[in-house]
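Notes follow once the structure below has been shown.
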Amino acid sequence: MHYVGIDLAWGERQPTGVAVLDDDARLLAIAAVRTDDEIAAVLAPYVSSECLVAIDAPLVVTNATGSRVAEQALSKDFRRFEAGAHPSNTGKPEFAGGETRGARVCQLLGLDMNPRSGRARRAIEVYPHPATVVLFGLPRTLKYKDKKGRDLELLRGELLALMGHVEGLVETDDQWLTLRVAVETATRKSELRVVEDQVDAVVCAYVALFRERWPDRTTTYGDFEHGYIVTPSLPDARAAVQEYAAHRPMLVEAGQQFVALVTAILDEAGINYLSVTGRTKSVESFAEKAARTVDGRPVFTDPLREITDQIGVRVITYVHSDVSAVADLLSDQVVVKEDRDLGRETASEGRFGYASRHLLIELDAARESERDYAALRGRTATVQVRTVLQHAWAEFEHDIRYKGDVPDEHARDLDRRFTLAAGLLELADQEFSTIRERLRSSGSGGPAVRHDSVVDDPRIDPRELAAFLAGQYDDAGWSRTDHYAWISGLLLELGITSLVELGDVLRETPADLNERMDYRYPPGAVRRLDDALLSAFAERYVDLHGNAHRRDGLLARLAKLRD
């Protein structure tokens, strides 16, 4: 089958571009002609059998004034891309009495120009400008047409850009290369015009192929009775929203499992954090995001695939250094597809403002094969990691700016105050980090562990254990307060009920456990103790009742310690 494009001039005094593609989008012919007979002569070898001819010119015009219904509908969708249609009516000399050159050419070639026709030899009306917007994802049409204020270099650059886009869809030939050289060496706008018509004809031919191959992705504006235009369809978010709504219950379940996975990873590593929470994007929020445009262009051409924060996990830490620790840990335990430090990006622009670490994660190969993680296979989650101060700023700023109603007269002052607050909070984060590092280096301090005393409780008091570990591992980060009570219970299972007994055990453990484990993140004090007990008691420690839920992980760590 042949796909023919005709960039038809409205009269025979101006050049008309013609082009032919085959089923593989290979360019078979391209030329510039003027008369109807010349058009018929060039295309005769290609339209005698099965063909679809796409003509850039009105085929049916019945309205006496204004624009055709098809032109109005197309312009409504594509005006924001500067790709609206020119008005056609019988009041114009070239369409007087409803006669059109396009219909005349179709009659000469023996083509059925009904867009619903199923005949082997047929024609459709097309329009290259909106087609290029969709096919090439343009924010607006390329300005390669000669108009007032456009100089030769602008026209040349835009036409070469269009040709580059076409080359991504069509297998071109030596004739095309000749046209490209003509554009690159042109000294007058008229020289570009001859090439421009032929390039438009190739676009028309590709629209014919597109219509034949993907009819469900094309739109016919108008109808055969009053005039129509066929073009590739703009992305429609409605189908994506409906599919998202149908699948959201499964995403909610997957989101809960991602929260559990991240929490387990942090707890196992002994990272100190305030909270791990999650959410699945609402249908309304997904619909709003899927419909976003920039410069009139849809941001997402495939919303279900491109909107990556459908599942979100948020980790809130106490100090800024723990943000990096969490990011490093996740990169060690799961696959991190993207990692953006938005605080660093803001700072690189010389500004204070939103600060958060955003990671896009998916399961690692080992977990992907496990039945427990079946709901997470093939899915991603966006993980936001920020300090409690960064979180407070972000939440308040979001509520005010995006959910509140800020009067215009206050907007600039609020911008200044938000910036000031961001700077002060960044300074506070730095001071908190300094305080913790100072306490670490002095061997004192540690988290304030709350422990409700129980008479005759044989466990080591978690508060005393926290202070002991702060001295034992003075270079380690603090662990979550509840973890001290948890590992005190494991010590009891081992029969260790005093700090003296614990000190005797730790003196016998190797000093290079951290090096053997090759951590990519700074392990907390409880994790350091956990490694020491694993090294000292080996399988006995693995088999403790309190370790039943993490037995496989402990065996893997034990093997690493023994390497």
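The values are calculated or read from the model by the stated rules, or taken from the named source; none is laboratory data. Just so you know, these numbers come straight off a predicted model, no measurement behind them. Here Cβ is always computed from backbone atoms with ideal geometry, including for glycine, and neighbour counts include all displayed protein chains. Quick note on the areas: whole protein, heavy atoms, side chains included, nothing else; ligands and nucleic acids left out. Shrake-Rupley method; radii C 1.70, N 1.55, O 1.52, S 1.80 Å.
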As an exercise: evaluate L52 against (1) outside any loop (DSSP other than H, G, I, E, B); (2) in contact with a Leu (Cβ under 6 Å, 6 or more places away or on another chain); (3) among the aliphatic types (A, V, I, L, M) and give the number of the one condition it does not meet.
(2)
Can you find a residue that is open to solvent by less than 10 Å² (accessible area, probe 1.4 Å) and either assigned to a loop (DSSP other than H, G, I, E, B) or among the basic types (K, R) (or both) anywhere in region 63-85?
yes
In region 497-535, residues that are among the β-branched types (V, I, T), part of a helix (DSSP H, G or I) and without any contact (Cβ under 8 Å) to a residue 60 or more places away in the chain total 2
State which residue is surrounded by the fewest Cβ atoms within 10 Å (Cβ to Cβ) when the search covers only region 88-133 and only residues that are under 38 Å from the mean Cα position of the chain (by Cα) and assigned to a loop (DSSP other than H, G, I, E, B).
R116
Those residues of region 159-218 which are touching a residue at least 40 places away in the same chain (Cβ under 8 Å) and basic (K, R) amount to K189, R193, R211
Taking into account only those residues within region 180-198 that are in a helix (DSSP H, G or I) and among the charged types (D, E, K, R), which is surrounded by the fewest Cβ atoms within 10 Å (Cβ to Cβ)?
E184
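Matching residues to (1) farther than 24 Å from Y221 by Cα; (2) not acidic (D, E):
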{"site": "W10", "(1), (2)": "no, yes"}
{"site": "V18", "(1), (2)": "no, yes"}
{"site": "D22", "(1), (2)": "yes, no"}
{"site": "A25", "(1), (2)": "yes, yes"}
{"site": "L28", "(1), (2)": "yes, yes"}
{"site": "A32", "(1), (2)": "yes, yes"}
{"site": "L59", "(1), (2)": "no, yes"}
{"site": "A73", "(1), (2)": "no, yes"}
From the set of residues in region 232-256 that are within 21 Å of the chain's Cα centre (by Cα) and charged (D, E, K, R), which is most open to solvent (accessible area, probe 1.4 Å)?
R238
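To keep it simple, each residue is scored yes or no on (1) within 16 Å of I30 (Cα to Cα); (2) in contact with a Leu (Cβ under 9 Å, 6 or more places away or on another chain); (3) modelled with pLDDT under 95; (4) of a type in the set (K, R).
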residue: R116; (1), (2), (3), (4): no, no, yes, yes
residue: T132; (1), (2), (3), (4): no, yes, yes, no
residue: D173; (1), (2), (3), (4): yes, yes, yes, no
residue: K189; (1), (2), (3), (4): no, yes, yes, yes
Filter result for L177 (over 35 Å from the mean Cα position of the chain (by Cα) and open to solvent by 40 Å² or more (accessible area, probe 1.4 Å)):
yes
Wholly within region 342-402, which helices (runs of 4 or more DSSP H) include no fewer than the required count, namely at least 3 residues that are in the same structural domain as I311 (by the TED database) and either among the polar types (S, T, N, Q) or modelled with pLDDT under 85 (or both)?
342-348, 388-398
Yes or no: region 535-547 includes at least one residue that is over 18 Å from E268 (Cβ atoms) and either open to solvent by 70 Å² or more (accessible area, probe 1.4 Å) or under 40 Å from the mean Cα position of the chain (by Cα) (or both).
yes
Just wondering, is there one or more residues in region 543-552 that are of a type in the set (D, E), modelled with pLDDT under 90 and at positive phi?
no
